[in-house]
Amino acid sequence: MEQTELIVIGAGPGGIQAAKIASELGLEVTLIDIQPSAGGQYFKTYEVLP
């Protein structure tokens, strides 16, 4: 069974970056978000901004 060393809540740009850095440092990371896909508010504002 895999053991998680760090849980990152929120898969927006900040959460993704935190999980990436922690993984690069050798931690076993679990990334959790309420949305079905990652990206957070970035993809909601992307459609509004030119």
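Residue pairs whose Cβ atoms lie under 7 Å apart, sitting 6 or more positions apart in sequence or on different chains, and linking a residue in region 15-37 that is under 15 Å from Thr4 (Cβ atoms) to a partner that is part of a helix (DSSP H, G or I), are Val29/Ala19; Val29/Ala22; Val29/Ser23; Leu31/Gly15; Leu31/Ala19. Go through region 2-50 and give me each residue that's modelled with pLDDT under 80, polar (S, T, N, Q) and in a loop (DSSP other than H, G, I, E, B). Hit for region 2-50 is Ser37, nothing else.
The values are calculated or read from the model by the stated rules, or taken from the named source; none is laboratory data. No experiment lies behind these values; they were computed from the predicted model shown. In this analysis, Cβ positions are derived from the backbone assuming ideal geometry, glycine residues included, and neighbour counts consider all displayed protein chains.
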